[in-house]
1. Check off (1) under 22 Å from residue 310 (Cβ atoms); (2) surrounded by fewer than 20 Cβ atoms within 10 Å (Cβ to Cβ) for residue 61 and give me the number that stays unchecked.
2. Identify all residues within the range 480-496 that are under 23 Å from residue 397 (Cβ atoms) and either in contact (Cβ under 8 Å) with a residue 24 or more places away in the chain or open to solvent by less than 30 Å² (accessible area, probe 1.4 Å) (or both); write none if there are none.
3. Of these, 98, 112, 81, which one is basic (Lys, Arg) and surrounded by fewer than 18 Cβ atoms within 10 Å (Cβ to Cβ)?
4. Give the range 402-450 a look and list any residue that's in a strand (DSSP E or B) and within 23 Å of residue 658 (Cα to Cα), or say none.
5. Mind counting the residues in the range 538-564 that are in a strand (DSSP E or B) and acidic (Asp, Glu)?
6. Only one of (1) closer than 30 Å to residue 610 by Cβ; (2) touching a residue at least 12 places away in the same chain (Cβ under 8 Å) is not met by residue 503, so which one is it?
7. Mind listing whichever residues of the range 199-246 are aliphatic (A, V, I, L, M) and in contact with a Pro (Cβ under 6 Å, 6 or more places away or on another chain)?
8. Conditions: (1) in contact with a strand residue (DSSP E or B) (Cβ under 6 Å, 6 or more places away or on another chain); (2) loosely packed, with under 15 Cβ neighbours inside 10 Å. Residue 232 meets all but one. Number of the miss?
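The values are calculated or read from the model by the stated rules, or taken from the named source; none is laboratory data. Here the structure is a predicted model, which is why all the values come from computation and not from measurement. Cβ placement follows ideal geometry from the backbone for every residue including glycine, while neighbour counts extend to all protein chains displayed. For accessibility, only protein heavy atoms count, side chains too; no ligands or nucleic acids. Shrake-Rupley method; radii C 1.70, N 1.55, O 1.52, S 1.80 Å.
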Amino acid sequence: MEPRLSRVDYLQVGVTSQKTMRLLPASGRRDTQKVVVGDQEGVVTCFGIKAGEPVPVFKTLPGQKIARLELGGALNTPQEKIFVATGSKVRGFTKRGKQFLSFETNLTENIKAMHISGADLFLCASYIYNHYCDCKDKHYYLSGDKINDVLCLPVDKVNCITPILACQDRVLRVLQGSDLLNEVEVPGPPTVLALNNGNGGDSGEEIVYGTSDGKLGLIQITGPTSVPKWEIGNEKKRGGILCIDSFDILGDGVKELLVGRDDGVLEMYGFESADDPVLRYDYALSESITSIQGGCVGKDGYNEVLACTYSGWLTGLTTELVCREGGSGEELKLSQDMQSKISSLRNELEHLQMKVLNEREKYQQSAQSSSAVSSVPAFTVNDKFMLNKDDASYSLILEVQTAIDIVLVQSDVPVDLLDVDKNSAVVSFSNCDSEPDGNSLLATYRCQANTTRLELKIRSIEGRHGTLQAYVIPRVQPKTCQVHQYQIKPLSLHQRTHSIDHDRPMNTLMLKGQFSFAEIHSWVVFCLPEVPEKTPAGESVTFYFQNTFLGTQLESTYRKGEGCFKSDNISTISILKDVLSKEATKRKINVHISYDINEESVRHTLKLIHPKLEYQQLLAKKVRLIDPLRELQVNEGNADFLLPEYRSILEEADQLLEEYKKQPAHLERLYGMITDLFIDKFKFKGTNVKTKVPLLLEVLDGCDRDALIAFFEDA
């Protein structure tokens, strides 16, 4: 059954980071629980709810940004000690707010993730994992990619300490002491880990993970082996997962899975059988959910889901329904409690309005005085720039703690801005010339009132690299702006993958010279997305990539003085050859480049492109027919006289137009890719075939695959 939940907004703290809100254990079975939350101003706030109003328990002084907040205590006892990670330090507080621990770790970077199990403390910086026992350094591990989260299987169930790292390269790394025990591949970059059912399941070995591209899964980890139990894709194209919890919200003895996403969607999954979980309830908040917990907060005996958002709002979805009594006609009479709450809110609102007016007058007076000093209001921007595998586009998500007024997007390389359904901002484009001013795109997004989160979709062209800049202007006075930069890489549509098909016809590029491992790694970082900036450990490394637009693949293996790149797409090899030689020239390093071109790879690539080309040509043809067919329908009074295929075009006109609108310049992109493939094929032979491009375009218009392959082979 679907739960009936009512929303309650409790209070707002400062801007929060991921996993910085927890519920303290209740003293009695049906008592309400205290909430403890840490914000980016370094303040730890603990409060309870009485008569629907928040009552503070304690509040610490501001300090360094709080990156994580966890509860701890002796094993098999209530976990009611509060631990917060700030910078490279861990502090501990009792449930009354008394500080009992201040532990300065030996980490040189800020703590990004933390887990506590009894006397064991597990900390992660960007690439480094440290295990401390009673504040003494015990184990250490250097990860091959960024660590997003850390967890340890319950010691009382598995009888050993088994830490698990969620790493950006789509891998869960299982450790034993300081050694890598197992690598578990997952379908996306994991951002959060949680014990299944809150305790790891019956065996204590079950881990729930959420990914930055919105996938959810359960894996049983049994030491050196792992068994995937279930996986839920992101069919509804919702945001990435930031937080997970398990709680029996319905009181039926089975815990639901609670999920918070970065687009503000809160989800509740139920387990009707032992199979995959089923989505039972979802609710959309206006900003990303950084923490989620299930418990009893607002009123004794009423379970609820408590969510903490990016801007610090603590919002509950409670099973306690608002009481209403039927009145005469359409009138509904609110309960006495609700009426008193509304009255107090009105009084508070009037008080705040008066306070704002007074402060505004003070500001105006001080601004006009001779000794006035300009003060720029500080604000934080939570941003994410991520490649989507489904439609080969980049999502740029900008979130601000206050309302966004304008976002200006500028790029020095050609990119397409795609439509986003959730985006209500009004966009306008400015004419620009890339030659004199270096601008290939200038677009302005004017946001509606109270918009705190903006999502843009961008599609780049491989082979063209540069910088995309977003100028974020919030609705604050005086006007201020923050600039955020994002690199568009030469092979920007490539995404890391776990393996490739080695049976495909591959082209090879070999690079040899007097360069170090770190230097060639920096060149690969410059060329390709999702490569860790830190030089990998060991003497050599291999990365696999897949082109999200075409499905072609790339294998990159390199070491000191040598690099080998294999791809079934000649254009990928051509781009790498040009960029790597330029980077080596910049550093005055002499390199020898050789290549081995497989003629069969061209036919193979054309076979991959052609279905997409055929589909887009048919879509464009149908869209061109919509207006004439509608005119005929109006003139004749109906469409019965038309052939079935034309009638189906009229019936599907809205969907066709919507799809065509979402994919601007899609057909031109495919034409461009085939043209580049044609030019690159003959470039490796030392032949310039640019004069034959008009003939190639004529063949493309004919949409005949065999004729296209024949043209490539006979040219």
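1. The single condition residue 61 does not satisfy is (1).
2. Here is the first cut: in the range 480-496, the residues under 23 Å from residue 397 (Cβ atoms) are 480-489, 491-496.
Residues satisfying the conditions are 480, 482, 484, 486, 488, 489, 491, 492, 493, 494, 495, 496.
3. Values: 112 fails: surrounded by fewer than 18 Cβ atoms within 10 Å (Cβ to Cβ); 81 fails: surrounded by fewer than 18 Cβ atoms within 10 Å (Cβ to Cβ).
Just one listed residue meets the conditions, 98.
4. Quick first cut of the range 402-450, residues in a strand (DSSP E or B) only: 404-411, 415-418, 426-429, 441-446.
Correct list: 415, 416, 417, 418, 426, 427, 428, 429, 443, 444, 445, 446.
5. Within the range 538-564, the first condition is being in a strand (DSSP E or B), and the residues that meet it are 540-547, 553-559, 562-564.
This time we only want the ones that are acidic (Asp, Glu), so: 555, 562.
Total meeting the criteria: 2.
6. Every condition holds for residue 503 apart from (2).
7. In the first step, residues of the range 199-246 are kept if they are aliphatic (A, V, I, L, M); the result is 207-208, 216, 218-219, 221, 227, 232, 241-242, 244.
219 - this is the single residue of the range 199-246 that is aliphatic (A, V, I, L, M) and in contact with a Pro (Cβ under 6 Å, 6 or more places away or on another chain).
8. So the condition that residue 232 fails would be (2).
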